[in-house]
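Derivation of every value follows stated rules applied to the coordinates shown; laboratory data play no part. Every value quoted in this text rests on a predicted model; they were computed, and no experiment measured them. Cβ: placed from backbone, ideal geometry, glycine included. Neighbour counts: every protein chain shown.
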């Protein structure tokens, strides 16, 4: 898709999602305290990022490590326009 970097934000307290992203080569880049209000309570947000260089260097190891999971699904990325794309995840045939 021609991306140089993919950014992600995860709400404070959602440690499982932060851990999942780091397994897929994202790096934690910061934490903003009291960033948003959720259910009337101020909470922070974790910022994570994945660069093209890190993905290229590590994608083979990700494929090998999680091939059993990936093989259960057919993942299709189709471009709708130059600005957006659609991702579809379905059970493998």
Once label points are set 7 Å from the Cα along Cα→Cβ at both residue 41 and residue 11, what is their separation, rounded to one decimal in nm?
1.0 nm
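How much length is gained if the chain between residue 31 and residue 65 is pulled fully straight, taking 0.36 nm per residue apart and subtracting their Cα-Cα distance, in nm to one decimal?
Numbers: separation 34, 0.36 × 34 = 12.24 nm, distance 2.84 nm.
Roughly 9.4 nm would be gained on extension.
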Semi-axes of the equivalent ellipsoid for the range 5-66, Cα gyration tensor, largest first, Å:
27, 12, 6
